[in-house]
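What follows is a short report on a single structure.
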2 protein chains.
Amino acid sequence: MAGTDSSGVAARGGGPVVVLIEPQLGENIGMVARAMLNCGLTRLRLVLPREPWPNAKAAAAASGADQVLDEARLYPSTTAAIADLSRVYATTARARDMTKRLLTPEQAAAEWRGRREAGTTDGILFGKEAKGLHNDDVALADAIIAVPLNPAFSSLNLAMAVLLVGYEWYRAATATPAGPPGAAGIITMPKETRPATKAELVGLFEHLEAELDACGFLRVKERRPIMVRNLRNMLGRAGLSEQEVRTLRGVIACLVTGPRR
Amino acid sequence: MAGTDSSGVAARGGGPVVVLIEPQLGENIGMVARAMLNCGLTRLRLVLPREPWPNAKAAAAASGADQVLDEARLYPSTTAAIADLSRVYATTARARDMTKRLLTPEQAAAEWRGRREAGTTDGILFGKEAKGLHNDDVALADAIIAVPLNPAFSSLNLAMAVLLVGYEWYRAATATPAGPPGAAGIITMPKETRPATKAELVGLFEHLEAELDACGFLRVKERRPIMVRNLRNMLGRAGLSEQEVRTLRGVIACLVTGPRR
């Protein structure tokens with residue numbers, strides 16, 4: 001199924017299968033599908049959903065992630081659903097009396113990334129709304145994934161749990177340690193403009209200072225250098241584009257000219 | 001409000017305020033409250049929710065995060081909702097034609113962690129379901145947060161967007177030592193001043209716009225909104241202090257008054 005999707009990411013490496021065990025509400029299954037596709041995950045398996053399948057409420061809640069629902073597979077048991085999987089991870093908020101590797105989503109995602117080249121398929125188990133996984137299902141898993149959240153209020157909506165695990169997978173799969181192209185704090189700029197040159201900036205500064213000399217704002221001689229410096233600092237910090245410099249010069253000219261009475 | 005909550009994390013450092021702008025469905029507000037508390041965030045502000053408030057559907061969807069809903073505050077406008085905030089972040093999936101810092105949730109969270117000790121409060125703006133934020137709201141923000149997700153299917157459910165930003169905040173807030181001051185776009189400021197509040201900034205904007213209306217700079221009616229937005233963007237990016245806002249208002253007044261002949 002990987003390779004037939006339109007998400008780009010899944011085609012690159014498959015990504016783990018999401019297995020929902022006894023999901024109660026079609027709406028939640030739809031929201032899971034949407035969250036999965038947000039993260040480039042496309043393979044959904046359902047074990048004994050309570051409502052009939054296919055499900056209209058699921059389709060409505062998927063908000064366009066139809067592909068995920070259309071390709072979802074039904075299974076009569078957890079063991080059947082995971083039969084062809086290589087490694088299985090159980091998500092749980094509660095501590096379990098089991099000796100099992102315990103991972104954060106980030107750690108699990110790092111494992112999946114390391115394993116993609118192997119051509120194997122891993123799976124993540126999510127239990128039913130409110131109740132979570134049976135201990136029997138957890139016992140089938142190779143490792144447990146627990147999301148680090150507010151310990152006083154850690155019960156996640158089903159689709160939210162899928163989203164957080166998927167988010168970490170997406171980041172690991174696309175090797176986005178810190179996100180979008182470019183470094184922290186990159187400034188986005190409309191295409192039709194460019195950053196102002198220093199010469200253009202100084203032109204703006206001098207224009208403003210000449211007018212401030214004229215109106216008397218800089219009349220205290222001893223204060224003038226520091227006031228000029230402060231004004232240049234403020235405007236300099238804004239990271240103005242060439243277009244913006246021209247706009248500000250228009251603003252100054254208009255304020256000085258005053259109303260056209 | 002931080003300190004009165006039961007989440008533990010919020011008490012430790014406040015955390016950013018979540019501002020929902022014109023949320024359409026009570027149910028979504030409830031899911032946002034749940035996602036917030038999952039991440040230890042407790043301060044929710046609502047700008048013009050479509051349905052009456054308080055809202056029974058919100059309470060049902062909050063699944064126990066009643067505290068967040070009970071303490072939610074209503075505002076008649078975005079500017080009112082952010083008036084007392086220090087730094088404001090706009091979440092958006094679409095690229096905007098604005099010159100603005102662009103951060104991932106992880107990068108934004110690193111900033112918040114670095115700023116917690118300062119005792120200031122930051123806010124995150126989320127637009128209405130399906131439509132997202134108005135450009136006017138984005139223009140008021142200091143930076144944009146974009147979640148790195150499947151580019152072919154990046155439209156997130158409202159509560160999901162809140163969850164991903166909150167998740168990164170929780171991870172940053174509960175992790176050990178903050179990075180060195182000066183990381184990720186932090187602006188150093190002389191001790192005798194403080195960052196301008198949003199109310200002070202809006203006062204500056206409105207002062208400038210009134211004078212530009214008077215002199216005719218904004219006379220082309222169809223162009224006025226975008227020109228206002230561009231000017232607010234430029235000045236907003238400068239990270240002005242309270243002192244600098246007063247200086248710029250003095251500059252405007254002086255330019256308008258003109259030479260003392």
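Regarding B:LEU164, is this residue modelled with pLDDT of 90 or more, outside any helix (DSSP H, G or I) and closer than 30 Å to B:ALA58 by Cβ?
The answer is no for B:LEU164.
Go over the candidates A:LEU85, A:LEU41, A:LEU103 one by one and state the one that is open to solvent by less than 80 Å² (accessible area, probe 1.4 Å) and in contact with a helix residue (DSSP H, G or I) (Cβ under 6 Å, 6 or more places away or on another chain).
None of the other options fit; the residue is A:LEU41.
When you scan the stretch A:209-230, how many residues do you find that are more than 7 Å from chain B (Cβ to nearest Cβ) and within 30 Å of B:LEU102 (Cβ to Cβ)?
The number of residues fulfilling the criteria is 1.
Show the residue pairs that are 6+ apart or on different chains and have beta-carbon atoms under 7 Å apart, the first residue being within the stretch A:119-133 and within 14 Å of A:TRP169 (Cβ to Cβ) and part of a loop (DSSP other than H, G, I, E, B), the second being polar (S, T, N, Q) and open to solvent by 40 Å² or more (accessible area, probe 1.4 Å).
A:THR121/A:SER86; A:ASP122/A:SER86
Go through the stretch A:137-156 residue by residue and tally those that are modelled with pLDDT of 90 or more, open to solvent by 30 Å² or more (accessible area, probe 1.4 Å) and not in a loop (DSSP other than H, G, I, E, B).
0
Name the one entry in B:ALA130, B:ALA159 that is surrounded by fewer than 24 Cβ atoms within 10 Å (Cβ to Cβ), within 13 Å of another protein chain (Cβ to nearest Cβ), of a type in the set (A, V, I, L, M, F, W, C) and out of contact with any Pro (no Cβ under 9 Å at 6 or more places or on another chain). Break it down into steps so the answer makes sense when it comes.
On the way: B:ALA159 fails: surrounded by fewer than 24 Cβ atoms within 10 Å (Cβ to Cβ).
Selected residue: B:ALA130, the only one of B:ALA130, B:ALA159 that is surrounded by fewer than 24 Cβ atoms within 10 Å (Cβ to Cβ), within 13 Å of another protein chain (Cβ to nearest Cβ), of a type in the set (A, V, I, L, M, F, W, C) and out of contact with any Pro (no Cβ under 9 Å at 6 or more places or on another chain).
Let's see how each residue does on (1) in contact with a Leu (Cβ under 8 Å, 6 or more places away or on another chain); (2) not hydrophobic (A, V, I, L, M, F, W, C):
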site: B:ALA199; (1), (2): no, no
site: B:GLU206; (1), (2): no, yes
site: B:ARG219; (1), (2): no, yes
site: B:ARG224; (1), (2): yes, yes
site: B:LEU231; (1), (2): yes, no
site: B:ALA238; (1), (2): yes, no
site: B:ARG249; (1), (2): yes, yes
site: B:THR257; (1), (2): no, yes
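Do we find a residue being assigned to a helix (DSSP H, G or I), acidic (Asp, Glu) and surrounded by fewer than 15 Cβ atoms within 10 Å (Cβ to Cβ) anywhere in the stretch B:218-227?
Checking the stretch B:218-227: not a single residue is assigned to a helix (DSSP H, G or I), acidic (Asp, Glu) and surrounded by fewer than 15 Cβ atoms within 10 Å (Cβ to Cβ).
Tell me the residue from B:ARG87, B:ARG73, B:ARG115 that is within 17 Å of the chain's Cα centre (by Cα) and farther than 27 Å from A:ARG237 by Cβ, please. Can you show your working first?
Numbers: B:ARG87 fails: farther than 27 Å from A:ARG237 by Cβ; B:ARG115 fails: farther than 27 Å from A:ARG237 by Cβ.
Residue meeting the stated conditions: B:ARG73.
Pick from the stretch A:243-261 the residues that are open to solvent by 40 Å² or more (accessible area, probe 1.4 Å) and more than 7 Å from chain B (Cβ to nearest Cβ): which of them is farthest from the chain's Cα centre (by Cα)?
The extreme case among them is A:ARG261.
Output the number of the condition that B:ALA62 fails; it satisfies all remaining conditions of (1) within 13 Å of chain A (Cβ to nearest Cβ); (2) within 11 Å of the chain's Cα centre (by Cα).
If we test B:ALA62 against (1) within 13 Å of chain A (Cβ to nearest Cβ); (2) within 11 Å of the chain's Cα centre (by Cα), just (2) comes out false.
Would it be correct to say that A:ALA60 is buried (at least 18 other Cβ atoms within 10 Å of the Cβ) and either β-branched (Val, Ile, Thr) or under 13 Å from A:ALA33 (Cα atoms) (or both)?
Spelling it out, it is not the case that A:ALA60 is buried (at least 18 other Cβ atoms within 10 Å of the Cβ) and either β-branched (Val, Ile, Thr) or under 13 Å from A:ALA33 (Cα atoms) (or both).
Taking A:LEU48 and the conditions (1) touching a strand residue (DSSP E or B) at 6+ places or on another chain (Cβ under 7 Å); (2) modelled with pLDDT of 95 or more, which numbered condition does it fall short on, given that it satisfies the others?
All conditions are met except number (1).
Kindly establish whether B:GLY114 is within 21 Å of B:MET31 (Cα to Cα) and crowded, with 19+ Cβ neighbours inside 10 Å.
Numbers: within 21 Å of B:MET31 (Cα to Cα): no; crowded, with 19+ Cβ neighbours inside 10 Å: yes.
No; evaluated as a whole, the condition is false for this residue.
The values are calculated or read from the model by the stated rules, or taken from the named source; none is laboratory data. For clarity, every value in this text was computed on a predicted model and none was experimentally measured. No Cβ is skipped: glycine too gets one built from the backbone with ideal geometry, and neighbour counts run over all protein chains shown. Ligands, DNA and RNA are excluded from the accessible area calculation, which covers all protein heavy atoms including side chains. Shrake-Rupley method; radii C 1.70, N 1.55, O 1.52, S 1.80 Å.
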